[in-house]
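The values are calculated or read from the model by the stated rules, or taken from the named source; none is laboratory data. For clarity, every value in this text was computed on a predicted model and none was experimentally measured. Glycine also receives a Cβ, built like all others from the backbone with ideal geometry; neighbour counts cover every protein chain displayed. Areas reflect the complete protein model, heavy atoms only, side chains present, ligands, DNA and RNA absent. Shrake-Rupley method; radii C 1.70, N 1.55, O 1.52, S 1.80 Å.
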Amino acid sequence: MNSPNRLLIIVLILASFVMSCTQKKSTTGDQQMNTFISDLMGQMTLEEKLGQLNLPASGDIVTGTASSSDIGEKIKKGQVGGLFNIKTAEKIRAVQQIAVDESRLKIPLIFGMDVIHGYQTLFPIPLGLSCSWDMELIEKSARLAAQEASADGICWTFSPMVDISRDPRWGRVSEGSGEDPYLGSQIAGAMVKGYQGDDLRKNNTILSCVKHFALYGAIEAGREYNTVDMSRIRMYNEYLPPYKAAVDAGAGTVMAAFNEIDGIPATANKWLLDDLLRKDWGFNGFVVTDYTAIMELEEHGIGNLQEVSALSLKAGIDMDMVSDGLLTTLKESLDEGKVTQQQIDQACRRILEAKYKLGLFEDPYRYCDVNRSKTEVFTPENRQVAREIAAQTLVLLKNDNQVLPLQAGKTIALVGPLADNRENMPGTWSVAGDFARSVSLLDGLKNALGGEAKILYAMGTNVVSDPELDARISIFGKPTKWDKRSQKEMIAEAVTAARKSDVVIAAMGEAAEMSGEAACRTNIELPENQKELLKALLATGKPVVMVLFTGRPLAIAAEKANIPAILNVWFAGSEAGDAIADVLLGKVNPSGKLTMTFPQNVGQIPIFYNHKNTGRPLAEGKWFSKFRSNYLDVPNEPLYPFGYGLSYTTFDYKNLKLSDSNLIADGELKVSVEVTNSGNYDGAEVVQLYLRDMVGTVTRPVKELKGFQKVLLKKGEIRTVEFTLTEKDLRFYNSDLQFVSEPGDFKVFVGTNSANTLEASFVLK
Ligand code: BGC
């Protein structure tokens, strides 16, 4: 035998030895855990087991219509398994102490929270984060969020939210990663890894909870908590992948969605929670309901509290958020033979396992180190990272005549209801934020420009003109700061500032709580009063840059037509103002790309790039043909397509090449393209690869994202970017829900966004 072969064999033997050792280690670890939990459960009464399944809300933060009461007493009686939305290491330590010192079996509680896009150091809202297309950054944001949350008592986050949505009326699109299953899956995995790290027992990693399982993003009419009805084939191909990716990445828990699936609410859906999640996907963590979801099954009309609690348990729910249904009714159901002891034990075991894996039995105070909470939360270092990440999420939608970046030494009129509003910078779901310490755009520009340039600030108008609507959105410590002056007076002040300036920056759009949970809109244009302000500003003849704050794609056709520059900034987190200033002033060249299509108007919704072709597609380049699939009054094209985003520089694509015209079953196909930075700035570009399966046994989308690379190109640099495709990338769920590829013709598209690509073809043999 020659020596390379011998070497290979030695390496293989060593590798298998190491593998068997780690397997043994984890098997022994599992055995130890099982023995520990079996011993513990042996001592537990039925009531104490049911207590583990109970998750009341602390009362600090309430998101539903009910909150829990008498929690302290319940903890002492062993009627509580965990608590959520309570914060600070001191408070959590004190509550944990009740469980550990005053309950019979001293079982520690698990403490959860909606740590959605950072803890106290807030990163951009998830929709914004997704526009970075940067998995390392996204993972880092989750890692830092876990570090801060764990330093302040939290060991479990209700994140990532991976609901695919194509409907910007739904306020919760702000919490997810947009419309694409491929990108959404990558982000789901990155976030789970970021939260859970490589070892859950470390005191700076936390348990992740993927939500809302499943299909919540497809609610009808974009109206919160509404019905979902979807074919299995769409479900498997388009909506389920990100949940599965999170489970594959090891997410320890799953939250069931509020909506129904095939007529059975997710919370009571055995097919979903047991057959699909546990049996097909091999999920072995625990499943928690959403807020009061068991109680809500009564409203759905599938039984009274006792019946729906039994249904939920049997479907695969382990923990009951706020309903008290499992706690208060399962004994009766057990006595009546409606549930089994084994089903209760199973749920209880899963929750105890999670606590064991977090190391809570070893040290119930593992996450309550007051020193850590003083030194590791909202640190200058974390805030600096948040600022850097935020700058990567801004999307430049328009930049005529290179209005941006702003030239040095100019006088700036900073106008608009979002210009001087720290509280509204972090965006929705920022429960641990210290809003007064966020950086507003006014702060950010002042920080950056110091005495170098003059900034003339005027509010210009309120966020909305209807005081009732204003009250609805001025919640959770995020007032819009309603100005009582008349619209006329405010606009006049803004126009005066604009006239005295070289450039106008108009900070417009939504307030933070105009998106998020239960914040749906049927009109997704800018409020009329803001449009009026914009008109007045444009009439001054000064160049206007709209800095657009929003938690969803907005229908801004009029603004696109009239304003020379638009920078979409989402809600960029606690450091928003500094990050936006970095981009406006050219310190950072914007590179964010949209992950949700912007519609022309609300009537186009749902609109998404990866749609089917139909039997009567509209010919390319046309915008209306009788008896084709189109509208009379608006083209089919969106306002801005998926993947769109400009840079201060320009990128040219050419020479799309395939290594072969065929791809064989276990072979590889290399796809390469030459990208040139042809402008005047260094910049990052997200090179996107899409596929189309030309003929299938079921209809296939006109384009599907299958790869992307974010590359940094120096001014003038030319780079060949290469992707590798294999047969696996061509698989999809067929009508028997088998995950297969089908031989035949494929098109491959590579480009700067989903609508602007080069094209080539190959055949799968
Ligand atoms: C939301 C969840 C959230 C839960 C706990 C619910 O209303 O749907 O996403 O995790 O509240 O705050």
Fill in the blank from the handout: The lone condition ASP275 fails out of (1) within 22 Å of TYR216 (Cβ to Cβ); (2) more than 16 Å from the ligand (Cβ to nearest atom); (3) not in a helix (DSSP H, G or I) is (3)
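A quick yes/no check of all residues on (1) of a type in the set (S, T, N, Q); (2) over 30 Å from ALA218 (Cα atoms); (3) assigned to a strand (DSSP E or B):
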{"residue": "ARG521", "(1), (2), (3)": "no, no, no"}
{"residue": "LEU526", "(1), (2), (3)": "no, no, no"}
{"residue": "LYS535", "(1), (2), (3)": "no, yes, no"}
{"residue": "LEU538", "(1), (2), (3)": "no, yes, no"}
{"residue": "MET546", "(1), (2), (3)": "no, yes, yes"}
{"residue": "GLY551", "(1), (2), (3)": "no, no, no"}
{"residue": "ALA555", "(1), (2), (3)": "no, no, no"}
{"residue": "ILE566", "(1), (2), (3)": "no, no, yes"}
{"residue": "ILE580", "(1), (2), (3)": "no, yes, no"}
Practice task
Return the pairs, sorted by first residue and then second, in which the second residue is among the basic types (Lys, Arg) and within 14 Å of the ligand (Cβ to nearest atom), the first residue lies in the range 251-271 and is assigned by TED's automatic domain parsing to the domain that holds ARG232, the beta carbons are less than 7 Å apart, and the residues are 6+ apart or on different chains.
Solution key: MET255/LYS211
Problem - Residue pairs meeting the criteria (Cβ under 7 Å; at least 6 apart or on separate chains; first on the phi > 0 side of the Ramachandran plot, in the range 284-303; second of a type in the set (Gly, Ala, Ser) and assigned to a loop (DSSP other than H, G, I, E, B)) - result: THR292/GLY64; THR292/ALA66; THR292/SER323
Problem - Selection from the range 491-527 of residues that are among the β-branched types (Val, Ile, Thr), in contact (Cβ under 8 Å) with a residue 40 or more places away in the chain and open to solvent by 40 Å² or more (accessible area, probe 1.4 Å) - result: THR522
Practice task
Out of the residues in the range 205-255 that are of a type in the set (Val, Ile, Thr) and open to solvent by 40 Å² or more (accessible area, probe 1.4 Å), state the one that is farthest from the ligand (Cβ to nearest atom).
Solution key: ILE233
Problem - Residue that is nearest to ARG172 (Cα to Cα) [pool: residues in the range 65-85 that are within 16 Å of the ligand (Cβ to nearest atom), modelled with pLDDT under 95 and touching a helix residue (DSSP H, G or I) at 6+ places or on another chain (Cβ under 9 Å)] - result: ALA66
Problem - Top-ranked residue of the range 86-108 - restricted to ones that are touching a helix residue (DSSP H, G or I) at 6+ places or on another chain (Cβ under 8 Å) and either within 16 Å of the ligand (Cβ to nearest atom) or of a type in the set (Gly, Ala, Ser) (or both), ranked as nearest to THR393 (Cα to Cα) - result: ILE86
Handout entry: Odd one out for GLY577 among (1) open to solvent by less than 10 Å² (accessible area, probe 1.4 Å); (2) in contact with a helix residue (DSSP H, G or I) (Cβ under 7 Å, 6 or more places away or on another chain); (3) under 26 Å from ASP167 (Cα atoms)
Key = (3)
Problem - Total residues in the range 300-317, condition within 16 Å of the ligand (Cβ to nearest atom) and either β-branched (Val, Ile, Thr) or outside any helix (DSSP H, G or I) (or both) - result: 1
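Yes or no, residue by residue, for (1) out of contact with any His (no Cβ under 8 Å at 6 or more places or on another chain); (2) among the aromatic types (Phe, Trp, Tyr); (3) within 16 Å of the ligand (Cβ to nearest atom):
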| residue | (1), (2), (3) |
| --- | --- |
| MET113 | yes, no, yes |
| ILE116 | yes, no, yes |
| LEU127 | yes, no, yes |
| CYS131 | yes, no, no |
| MET135 | yes, no, no |
| ALA145 | no, no, yes |
| ALA149 | yes, no, yes |
| TRP156 | yes, yes, yes |
Problem - Residue check for THR35: at pLDDT below 95, of a type in the set (S, T, N, Q) and either within 16 Å of the ligand (Cβ to nearest atom) or more than 24 Å from THR329 (Cα to Cα) (or both) - result: no
Fill in the blank from the handout: Filtering strands (runs of 3 or more DSSP E) wholly in the range 370-460 for at least 1 residues that are open to solvent by 20 Å² or more (accessible area, probe 1.4 Å) gives 395-399, 455-458
Exercise for the section: Scan (1) crowded, with 22+ Cβ neighbours inside 10 Å; (2) touching a strand residue (DSSP E or B) at 6+ places or on another chain (Cβ under 8 Å) for the single condition ASP666 breaks and write down its number. Expected result: (1)
Problem - Selection count where residues are within 11 Å of CYS368 (Cβ to Cβ), in contact (Cβ under 8 Å) with a residue 60 or more places away in the chain and open to solvent by 10 Å² or more (accessible area, probe 1.4 Å), scope the range 80-96 - result: 4
